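Novice: Below you'll find the structure I mean.
The values are calculated or read from the model by the stated rules, or taken from the named source; none is laboratory data. Every value quoted in this text rests on a predicted model; they were computed, and no experiment measured them. FYI the Cβ positions are ideal-geometry reconstructions off the backbone, even for glycines, and counts take in every protein chain you see.
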There are 2 protein chains.
Amino acid sequence: MSEKKKIFKPQPVSGFPEWLPEVRAVEQQWFDHIRKIFESYGFCNIETPSVELLDAIKAKGGDGEADVDKEIYVLERYHKEDGDKEARLALHFDQTVPLARYTAQHFNDLVFPFKRYQMQRVWRGERPQAGRFREFYQCDIDVINVDSLPLHFDAEMPAIIWEVLSTLPGMENEKIQIRISNRKILMGFLSSLTAKDSQGNDKKLSNEVTAEILRDIDKLEKVGLDNTLTNIENSFVRKGYALGSQDLIKPFLDTCKKRYPTGEDLQDTLTNSSEIDTSNVLLKEGIKELSFVLDQLSHLPEGAVVADLSIVRGLDYYTGTVYETVFLDDPGYGSICSGGRYDDLASNYINKNLPGVGISIGFSRLFDRLRQQYKLPVGRISPADIMVMMPSEDRRALTMETAQKLRAQGHKVETFHNPVKLARQLAYAEKKGIPYVWFPPFEDGKSHEVKNMGTGTQTAADPDDWKKD
Amino acid sequence: MSEKKKIFKPQPVSGFPEWLPEVRAVEQQWFDHIRKIFESYGFCNIETPSVELLDAIKAKGGDGEADVDKEIYVLERYHKEDGDKEARLALHFDQTVPLARYTAQHFNDLVFPFKRYQMQRVWRGERPQAGRFREFYQCDIDVINVDSLPLHFDAEMPAIIWEVLSTLPGMENEKIQIRISNRKILMGFLSSLTAKDSQGNDKKLSNEVTAEILRDIDKLEKVGLDNTLTNIENSFVRKGYALGSQDLIKPFLDTCKKRYPTGEDLQDTLTNSSEIDTSNVLLKEGIKELSFVLDQLSHLPEGAVVADLSIVRGLDYYTGTVYETVFLDDPGYGSICSGGRYDDLASNYINKNLPGVGISIGFSRLFDRLRQQYKLPVGRISPADIMVMMPSEDRRALTMETAQKLRAQGHKVETFHNPVKLARQLAYAEKKGIPYVWFPPFEDGKSHEVKNMGTGTQTAADPDDWKKD
């Protein structure tokens, strides 16, 4: 009756990670930990569907990352009937597009400021390549308000993220740093400049050359100051400005080399620079906002949070505060947690002004990094604290009853499934790493006993009233 | 610079549910509750990718449900480059196909019996229709072993499920019943029959007519005894048997009308029936196994678990114990939690005999039913227990510090973001349903105070040492 089935090699799909139970146990600890801290700041959780309408996803390139279009996964029903006219669906590639749709759709049912966290998988259909995930978790917090959003929340984000990242199991000894800037500073500086065009006439910087320069500055940490200056010069020339124009930007790049732990440091440096026009309104506003944020974070350990004026984070999306987070001993690894302030969450959905500020932990990438470096704590193969032995078939009911009593005390309990030789039962508990083995009495009148598998100690015990060592 | 964007109506996608924060809070309670109970029985968690290879998904029709093929969602990269030759991926439609692949792939790294739970979304690309989800959560537990699997686990499944379903928030007053059968009983009975063909010759039942009869019996509860007998008669005639053959099945259907709370009840009825051949080896084995399972569950409340011999649950997949779970006051709603024993989890992946037993809660469908019936507990809009007021701008630091002290005590704390009028701050706490409001002192030397928003009582309190009423 059953035909011979084709055998498929059970292979992993490139870019779609999965873990053994003992690693998944640690991943669960991470999620629990992050959730606990997010909630301790009053953020509620939401979950959105895995899909949005393709048209809506295409309309928004996400938080400024280039070419996200290329990474969209579209769903197709395998057996679509002819004539089915359904809107095309796509898996979300971030949690910002879903948040915008959610906030607009449920606008009248939400209380603002709307503080939400979201820990879901996102999908990016890139070409498969080593070390790049196509399915991964992000953990996002955002605060959305109507019309205006207090700076309080720009300062709350790094405080929360610091607490999360510095206490995640396995992360305790990692040296990380949250770097903050305010886009208004860089944009204000650039808008204050006048360069010469190729005919030698004075000319404000065009939007096009500004965009190029932002891209160049974004790579400062990666390529270094000299290369950045060359790149900026090339951008100027390409867009019709005179050779040597990069000298206009150099004073700003010099300020980028430093890290500013306090608002005072930042203001001192910028206002003392003779080559930066600090009278620019936008730049002044940026300095003031960034100083406020830094000052609110003065309770964090030294070096936890600094200002870094070279942070750009995309071109269009962020309008004020921007964040990145790096490993200090491996800054080339890139940011593990980024975000910023945006003016306009959902204008393609709703005729409301909804400014917000948010930050996102690249959960799976970070978790996998620590896993590969053997820095994660060792997880348990079984969640059970206790395994109850089965002494004999006619003591099966007693075995089950004992386990139920221990569960009622809050313990996690496995029962051995058959009255085989005790050595085999013990070997199973050992293989699963279960720390205690419980012996119901072999005959009436005898006492229960419990063995600590770590120390080997075995003592009499009462299943209605027992506590772990 | 910014063009006028197209406005999309932010509408829900049919079949992809999402909840407001206060409903999501209850959904999280449900997941926490289920996880806690699954782990209290020693089940570890795994999570598999959302996708499997399309070929692997197609090869396995799931747990016997018809036409799952039609429901497969395939992924396509939106901008696939020409010449990309990638294996096609599909979203999983259940957690059995992924479990089979996972167990085979990680076979050498798992400890058997492998007891795992899995709580993930699954996808079924059906035509959109009212009340049918295309994306939903399932919560599965399975035990897999090599070569043989003790019946112990067949009995453990309903015990766990009873504990979960009878204590889920909002389910406490629902009358549910877990119904169990063993496929060997029905298969043994059918294999013992001899019917007349249309020429009047004795003939064993063919596989084809057996399959039809199983489908007919599967609908017994829905269509009633008389219609079932008519359907069975039609099946016989269609497959070349004599009119009147349904009389062979009737004695068995009569036994199906009853529910058997104990193994003894079941054995009495079947062995006393003169029209059922209880000497059939398969049938005898089924009765013995089902009796063992029932006897292991005798500690559960009366009516929690009964034998129901009409349960079929698909044609090919299950080989022994089968489970369904119904609302006693709405049996037509169908099963909310189903499963059974299978001989052969992963033979299309690995040359090993891997029998298993598992059961699956249709989480989202059940949750949404209770939501629509207003039976869920009322969830919190904000997880915060306390909102700390901000008395004035120069007390901002004190506000933050107070909140940190309260968090250090384990409380969930929101701070109000700006020193606006106290009435506005209070109104926000009230709208978000935060039960306590904390007042840092307006001037030095005064005490902190805390207000219970439920009772209105306001008392002096110390942020380093305060407990909820």
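For (1) in contact with a Leu (Cβ under 9 Å, 6 or more places away or on another chain); (2) under 30 Å from A:Phe31 (Cα atoms); (3) facing chain B (nearest Cβ under 10 Å); (4) buried (at least 20 other Cβ atoms within 10 Å of the Cβ), each residue gets a yes or a no:
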| site | (1), (2), (3), (4) |
| --- | --- |
| A:Tyr374 | no, yes, no, no |
| A:Pro383 | no, yes, yes, yes |
| A:Ala403 | no, yes, yes, yes |
| A:Gly433 | no, yes, yes, no |
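Novice: Using the structure shown, decide if A:Met171 is in a strand (DSSP E or B) and within 20 Å of the chain's Cα centre (by Cα).
Specialist: Considered against the rule, which asks whether it is in a strand (DSSP E or B) and within 20 Å of the chain's Cα centre (by Cα), A:Met171 comes out as no.
Novice: Next up: Take the conditions in contact with a helix residue (DSSP H, G or I) (Cβ under 9 Å, 6 or more places away or on another chain), more than 8 Å from chain A (Cβ to nearest Cβ) and at pLDDT below 75 and apply them to B:Lys60. Does it pass?
Specialist: yes
Novice: Take the residues in the range B:372-421 that are free of Cβ contacts under 8 Å to residues at least 40 places away in the same chain and not assigned by TED's automatic domain parsing to the domain that holds B:Lys451, then tell me which one is nearest to B:Lys451 (Cα to Cα).
Specialist: In this case the residue turns out to be B:Tyr374.
Quick grid of which residues meet (1) surrounded by fewer than 19 Cβ atoms within 10 Å (Cβ to Cβ); (2) closer than 25 Å to A:Arg259 by Cβ; (3) of a type in the set (Gly, Ala, Ser); (4) in the same structural domain as A:Ile350 (by TED's automatic domain parsing):
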site: A:Tyr137; (1), (2), (3), (4): no, no, no, yes
site: A:Leu149; (1), (2), (3), (4): no, no, no, yes
site: A:Phe153; (1), (2), (3), (4): no, yes, no, yes
site: A:Glu156; (1), (2), (3), (4): no, yes, no, yes
site: A:Leu165; (1), (2), (3), (4): no, yes, no, yes
site: A:Asn173; (1), (2), (3), (4): yes, yes, no, yes
site: A:Asn182; (1), (2), (3), (4): no, yes, no, yes
site: A:Leu190; (1), (2), (3), (4): no, yes, no, yes
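Novice: Something else now. Between a first residue in the range B:274-293 that is within 12 Å of B:Thr321 (Cβ to Cβ) and a second residue that is part of a helix (DSSP H, G or I) and aromatic (Phe, Trp, Tyr), which pairs have beta carbons less than 9 Å apart while being 6 or more apart in sequence or on different chains?
Specialist: Within 9 Å, the pairs are B:Gly286/B:Phe189.
Novice: What's the number of the only condition in (1) touching an Asp or Glu at 6+ places or on another chain (Cβ under 9 Å); (2) surrounded by fewer than 20 Cβ atoms within 10 Å (Cβ to Cβ) that A:Thr278 fails to meet?
Specialist: (1)
Novice: Another one. Here is a list of conditions, (1) facing chain B (nearest Cβ under 10 Å); (2) crowded, with 22+ Cβ neighbours inside 10 Å, and A:Ser360 meets all of them except one; can you say which number that is?
Specialist: (1)
Novice: Among the candidates B:Val122, B:Val143, which residue alone is at the interface with chain A (Cβ under 10 Å from one of its Cβ atoms), touching a His at 6+ places or on another chain (Cβ under 9 Å) and part of a strand (DSSP E or B)?
Specialist: Residue meeting the stated conditions: B:Val143.
Novice: Which of the residues that make up the range B:269-299 are at pLDDT below 95 and in a loop (DSSP other than H, G, I, E, B)?
Specialist: Within the range B:269-299, B:Ser273, B:Ser274, B:Glu275, B:Ile276, B:Asp277, B:Thr278, B:Ser279, B:Asn280, B:Ser298, B:His299 meet the criteria.
Novice: On to the next question. Across the range B:99-111, what is the total count of residues that are at the interface with chain A (Cβ under 9 Å from one of its Cβ atoms) and under 25 Å from B:His152 (Cβ atoms)?
Specialist: Residues flagged as at the interface with chain A (Cβ under 9 Å from one of its Cβ atoms) and under 25 Å from B:His152 (Cβ atoms) within the range B:99-111 amount to 9.
Novice: Evaluate the following for B:Gly456: is it over 19 Å from A:Tyr41 (Cβ atoms) and part of a loop (DSSP other than H, G, I, E, B)?
Specialist: yes
Novice: Please verify whether B:Ser360 is in contact (Cβ under 8 Å) with a residue 12 or more places away in the chain, under 25 Å from the mean Cα position of the chain (by Cα) and assigned to a helix (DSSP H, G or I), treating the condition exactly as stated.
Specialist: no
Novice: Moving on. For the range A:251-258, does any single residue satisfy the condition of being more than 32 Å from the chain's Cα centre (by Cα) and in the same structural domain as A:Asp197 (by TED's automatic domain parsing)?
Specialist: Yes, the range A:251-258 contains at least one residue that is more than 32 Å from the chain's Cα centre (by Cα) and in the same structural domain as A:Asp197 (by TED's automatic domain parsing).
Novice: Looking at this structure, is A:Ala346 at the interface with another protein chain (Cβ under 10 Å from one of its Cβ atoms), in a loop (DSSP other than H, G, I, E, B), closer than 28 Å to A:Ile311 by Cβ and among the hydrophobic types (A, V, I, L, M, F, W, C)?
Specialist: Yes.
Yes or no, residue by residue, for (1) surrounded by 15 or more Cβ atoms within 10 Å (Cβ to Cβ); (2) assigned to a helix (DSSP H, G or I); (3) out of contact with any helix residue (DSSP H, G or I) (no Cβ under 9 Å at 6 or more places or on another chain); (4) hydroxyl-bearing (Ser, Thr, Tyr):
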| position | (1), (2), (3), (4) |
| --- | --- |
| A:Lys203 | yes, no, yes, no |
| A:Glu221 | yes, yes, no, no |
| A:Phe236 | yes, yes, no, no |
| A:Gln246 | yes, yes, no, no |
| A:Thr255 | yes, yes, no, yes |
| A:Glu264 | no, yes, no, no |
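Novice: If you scan the range A:423-465, which residues turn out to be of a type in the set (A, V, I, L, M, F, W, C) and modelled with pLDDT of 95 or more?
Specialist: A:Ala423, A:Leu426, A:Ala427, A:Ala429, A:Ile434, A:Val437, A:Trp438, A:Phe439, A:Val450, A:Met453, A:Ala460, A:Ala461, listed by residue number.
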